[in-house]
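All remarks here apply to the structure that follows.
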Amino acid sequence: MLFELGSIVYQQMGIREVMIPFMKELYEETKESVFLTILEKDHVVCIEKIESNSMLRISVKRGDVMPLHAGASAKILMAYLPEAEQDKFIRKGRLDKFTSHTITEPKRLKKHLREIYLKGYAFSNQELQEGARAIAAPIRDISGHVIAGLCIAGPMHRFQSHQIERYKRIIMDVSRRASESLGLARK
């Protein structure tokens, strides 16, 4: 058990070390907050962050725990779980409503997760916090498994249609290159 725990910690440290330059690049391109998250049982944990220097910004601390069904950084991880694991989480009935935009209906959430899986990115519009938007893309290991979520987040007024399209292209490119640096060429 100690060996297994040590391996998990080592793996997370390795991910963080590899991801920091990519996170800095993403921040430089967008000037928005950047987060790296992992799945931990039935929630998501932030393991690294770079906060925006703007007065109005989205702030998450390293170690913060977030729900699995709300927010781009969580939904990108949930979307790549096997369907049986998604169903198990949904059956537990932990679909809390954080804002009027949080998806809490199981069928709607399943459909949304399928769309995220097919698109390769997740978008969040005020699901965890009113006025906040985010975009996330998967980080894959050498075997192609999604091991982390890379996310940019900011206030709605800086996430308008033209910025969203630009941010989406940037984060998908960065996440692809980051995954390649972890040993994976493509999904």
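Before moving on, here are some points about what is shown:
- Candidate cross-link partners of residue 110 among the aspartates and glutamates, defined by an alpha-carbon separation under 18 Å and a same-chain spacing of 8 or more, comprise 42, 83, 85, 87, 96, 127.
- With the simple model of a label 7 Å out from the Cα in the direction of the Cβ, residue 16 to residue 157 spans 3.4 nm.
- Greater than 31 Å apart at Cα, pairs in 24/92; 88/119; 31/88; 41/111: 24/92; 31/88
- Structure remark: mean-square fluctuation, Gaussian network model of the chain, C-alpha springs under 10 Å; the largest value among 95, 118, 109 belongs to 118.
- Debye, to nearest 20: dipole size of the chain, +1 on Lys, Arg Cβ, -1 on Asp, Glu Cβ: 500 debye
- For the pair residue 125 and residue 94 in one chain, pulling the backbone fully straight at 0.36 nm per residue adds 9.2 nm over the alpha carbon distance.
- Per-residue ³J(HN,Hα) for the range 103-120, Karplus 6.51 cos²θ - 1.76 cosθ + 1.60, θ = phi - 60°, Hz, x for Gly and Pro: 7, 10, 8, x, 5, 5, 5, 4, 4, 5, 5, 5, 4, 4, 4, 5, 6, x
- A convex hull fitted to the Cα coordinates of the chain yields 115 cubic angstrom per residue.
- Whole-Hz Karplus values for the range 125-132 come out as 10, 6, 7, 9, 8, 4, x, 10 Hz, taken residue by residue from phi with 6.51 cos²θ - 1.76 cosθ + 1.60 and θ = phi - 60°; glycine and proline positions read x.
Quick note: the coordinates plus some simple rules give every number you see, no bench work behind them. These numbers were taken from a predicted model, which means no experiment stands behind them. All Cβ positions, even for glycine, are placed from backbone atoms using ideal geometry, and neighbour counts span all protein chains on display.
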